[in-house]
Amino acid sequence: MYPFIRMFKALWQVRRAPPMAFHETHISQHRCWPQDIDLWMELNNGRTLTLYDLGRIPLAKRTGLIGALRTQRWGLTMAGVSVRYRRRIRTFEAFSIKSRAVCWDDKFMYLEQAMVKRSGEVANHALYRAAVTDKNGIVSPTRVLEMMGSDAKSPPMPDWIANWVKADATRPWPPMQDLSQD
């Protein structure tokens, strides 16, 4: 089940937090609860993606993105993710989530998130491609940032993100055509 109570708590905690620039890092504190674990008593890889929402949504609130979405009646969708898992997060272990927007292009915003253990070790790292949408499709990030009152010029796209974008563009779509015909 989606962690609605934890999301409401995360939003409540940032209700009076100072606004931040879109590229700044939002840091939130979390714990791995029994409902988050798998058979090996550690944070489940799928739950990791769900818990990253607990960092991205408050980031969107503090940067003014949620306000722009509401006033313009826009939607927000994740259009891709790449995750690298390196360290286990065990049951009841505390960790922080660091979330920030890195850059954007003509269609997508690229968001970086990491779960960091108390020891300072990065347990996992995710790169998300996000899109703002309206009834006509994708809304340009430049327009979104202007509505947020932010600088619409993207920082340079790091090579590692540009390489992911380029590699992902070669991926066949629709996938597994032979399986989709069964």
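Condition test on Glu24, is it surrounded by fewer than 19 Cβ atoms within 10 Å (Cβ to Cβ), touching a strand residue (DSSP E or B) at 6+ places or on another chain (Cβ under 9 Å), at pLDDT 95 or above and farther than 30 Å from Lys153 by Cβ? Step through it out loud before you land on a result.
On the way: surrounded by fewer than 19 Cβ atoms within 10 Å (Cβ to Cβ): yes; touching a strand residue (DSSP E or B) at 6+ places or on another chain (Cβ under 9 Å): yes; at pLDDT 95 or above: yes; farther than 30 Å from Lys153 by Cβ: no.
It is false that Glu24 is surrounded by fewer than 19 Cβ atoms within 10 Å (Cβ to Cβ), touching a strand residue (DSSP E or B) at 6+ places or on another chain (Cβ under 9 Å), at pLDDT 95 or above and farther than 30 Å from Lys153 by Cβ.
With respect to Leu111, is the statement that it is in a helix (DSSP H, G or I), at pLDDT 95 or above and out of contact with any Cys (no Cβ under 7 Å at 6 or more places or on another chain) true? Outline the logic, then answer.
Numbers: in a helix (DSSP H, G or I): no; at pLDDT 95 or above: yes; out of contact with any Cys (no Cβ under 7 Å at 6 or more places or on another chain): yes.
Considered against the rule, which asks whether it is in a helix (DSSP H, G or I), at pLDDT 95 or above and out of contact with any Cys (no Cβ under 7 Å at 6 or more places or on another chain), Leu111 comes out as no.
Filter region 127-151 for residues that are out of contact with any Asp or Glu (no Cβ under 9 Å at 6 or more places or on another chain), among the hydroxyl-bearing types (Ser, Thr, Tyr), without any contact (Cβ under 8 Å) to a residue 60 or more places away in the chain and within 14 Å of Ala101 (Cα to Cα) and give the result.
none
Checking Pro174 against (1) in a strand (DSSP E or B); (2) over 27 Å from Lys98 (Cβ atoms): exactly one of these is not met. Which one?
(1)
Looking only at residues that are touching a helix residue (DSSP H, G or I) at 6+ places or on another chain (Cβ under 9 Å) and in a loop (DSSP other than H, G, I, E, B) in region 27-40, which one is surrounded by the most Cβ atoms within 10 Å (Cβ to Cβ)?
Ranking the qualifying residues of region 27-40, first place goes to Cys32.
Looking only at region 55-92, filter to residues that are assigned to a loop (DSSP other than H, G, I, E, B) and touching a strand residue (DSSP E or B) at 6+ places or on another chain (Cβ under 8 Å); which one of those is surrounded by the fewest Cβ atoms within 10 Å (Cβ to Cβ)?
Narrowing region 55-92 to residues assigned to a loop (DSSP other than H, G, I, E, B): 64, 73-74, 86-89, 91-92.
Those still in the list that are touching a strand residue (DSSP E or B) at 6+ places or on another chain (Cβ under 8 Å) too: 73-74, 86-89, 91-92.
Numbers: Arg73: 8, Trp74: 18, Arg86: 11, Arg87: 15, Arg88: 14, Ile89: 26, Thr91: 14, Phe92: 12.
Checked region 55-92; the qualifying residue surrounded by the fewest Cβ atoms within 10 Å (Cβ to Cβ) is Arg73.
Can you find, within region 41-66, the residue that is nearest to the chain's Cα centre (by Cα) among those that are more than 19 Å from Ala130 (Cβ to Cβ) and touching a residue at least 24 places away in the same chain (Cβ under 8 Å)?
Asn45
Go through region 134-181 and report how many residues are in contact with a strand residue (DSSP E or B) (Cβ under 7 Å, 6 or more places away or on another chain) and of a type in the set (Ser, Thr, Tyr).
1
Here is a yes/no grid of residues against (1) buried (at least 16 other Cβ atoms within 10 Å of the Cβ); (2) over 20 Å from the mean Cα position of the chain (by Cα):
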| position | (1), (2) |
| --- | --- |
| Ala94 | no, no |
| Ala101 | yes, no |
| Val122 | no, no |
| Tyr128 | yes, no |
| Leu145 | yes, no |
| Ser150 | yes, no |
| Ala162 | no, no |
| Pro172 | no, yes |
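The values are calculated or read from the model by the stated rules, or taken from the named source; none is laboratory data. Values in this document were obtained by computation on a predicted structure and should not be read as measured data. FYI the Cβ positions are ideal-geometry reconstructions off the backbone, even for glycines, and counts take in every protein chain you see.
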